[in-house]
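So the structure is just underneath, and the comments pick up after that.
Taken together, the values in this text are just the output of simple stated rules run on the coordinates, not laboratory data. Bear in mind that the values here come from a model prediction, so they are computed numbers and not experimental data. All Cβ positions, even for glycine, are placed from backbone atoms using ideal geometry, and neighbour counts span all protein chains on display.
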Amino acid sequence: MRPLSLDCLTILEAPAADMIRIAADAGYSMVSVWVQAPILPGGVLAAPSMTADIQRAVRETGVTVGNLEVFNLNVAEPIAAYKSALEFGARLGASTATAINYGAPRPDIADRFAEFYALAASFGLRGLVEPISMGLTRTIKDGIDLIQAAGVDSGVVLDCVHLMRTGSCVRDIEAADPRRIAYVQICDGMLNLPPELFGLEGTTERLYPGEGDFPLLDILRAVPATATLALEAPSLSRRERGESLLQRAQAAIMATRRALVVAGVN
């Protein structure tokens, strides 16, 4: 079976060391870690003071830290301000770091992404870009265009929610250079969701694979076999029903494994 990452948004209220142990108990191979402020309300930001605890959890479980989240290219501060968070994440063993473009239009985003990519590379990390529906880099094509403008060998983080909420489709994945689809965040959702609920969906209430009507099986078949697969599906409703962190992580991976088997890409 392909390894799966438990991405931190799924159980964002868990400290990173706890999330790693939960991921191990549920059957994931890796986790993503939120290392850069601001973090969404209710989340626990991983900080250098937690290094020993996180490293101990990695050693004890064999679950690795994969991706670092999330670095906004579109802020007033210089890209160099991200140095400490990237260095911290690299010490945890991470391999990639995700950038987004959220804010007012500015002419230097490609230059800033090139600088971010170089800074991440100085710590052995590959900088990625995630198109997001509420940002300026919104679609797979937008992400690839930014990579090309920056002149770097980067890849796109494909999040199923943002794919669907930008009006994109499976053909957009198939049309992309497979080398540029680096990381896939899996979840499900309802196609007829009112637009005013998109923000809530993206941050706190996604569906697990098989619970909605996204063309998820076709998406999974279209992504390249080289892409890292992750489950990113926060579920406030499950939390409010009293489901534990472990129960949510287990239900999520079981649903994802079923979808991968049905899609024939497990």
note = Here the relative contact order (percent) of region 4-263, from C-alpha pairs under 8 Å and at least 6 apart, is 18 percent
note = In debye to the nearest 20, the charge dipole size for the chain, taken about the Cα centre with +1 at each Lys and Arg Cβ and -1 at each Asp and Glu Cβ, equals 500 debye
task = Report the paramagnetic label zone for Glu240: residues of region 182-201 whose backbone N is under 16 Å from a point 7 Å from Cα along the Cα-to-Cβ axis.
result = 197-201
Distance in nm between pseudo-label sites at Ala225 and Ala175 (7 Å out along the Cβ direction from Cα) = 2.6 nm
message = Show me the ranking of peptides 226-232, 146-152 by mean Cβ neighbours inside 10 Å, starting with the highest.
response = 226-232, 146-152
ask   = Distance in nm between label sites at Asp218 and Met134, each 7 Å beyond Cα in the beta-carbon direction?
value = 2.8 nm
remark   = Taking the chain and counting helices only, DSSP H stretches of n ≥ 4 at -39,500 (n - 2.57) each over all residues, the nearest-500 ellipticity at 222 nm comes to -11500 deg cm²/dmol
query = Given the C-alpha centroids of region 139-158 and region 65-114, what is the distance between them in whole angstrom?
reply = 14 Å
query = Simple spin-label model, 7 Å along Cα-to-Cβ: Val265 to Leu200 in nm?
reply = 3.0 nm
message = I need Ser95, Ser244, Ser133 ordered by Cβ neighbour count within 10 Å, fewest first.
response = Ser244, Ser95, Ser133
ask   = Among all helices in the chain defined by DSSP H, which have a length of 20 Å or more along the axis from Cα atoms plus a Kyte-Doolittle mean of at least 0.0?
value = 245-263
inquiry  = Can you order the peptides 75-84, 58-67, 2-11 by their average number of other Cβ atoms within 10 Å per residue, highest first?
reply    = 2-11, 58-67, 75-84
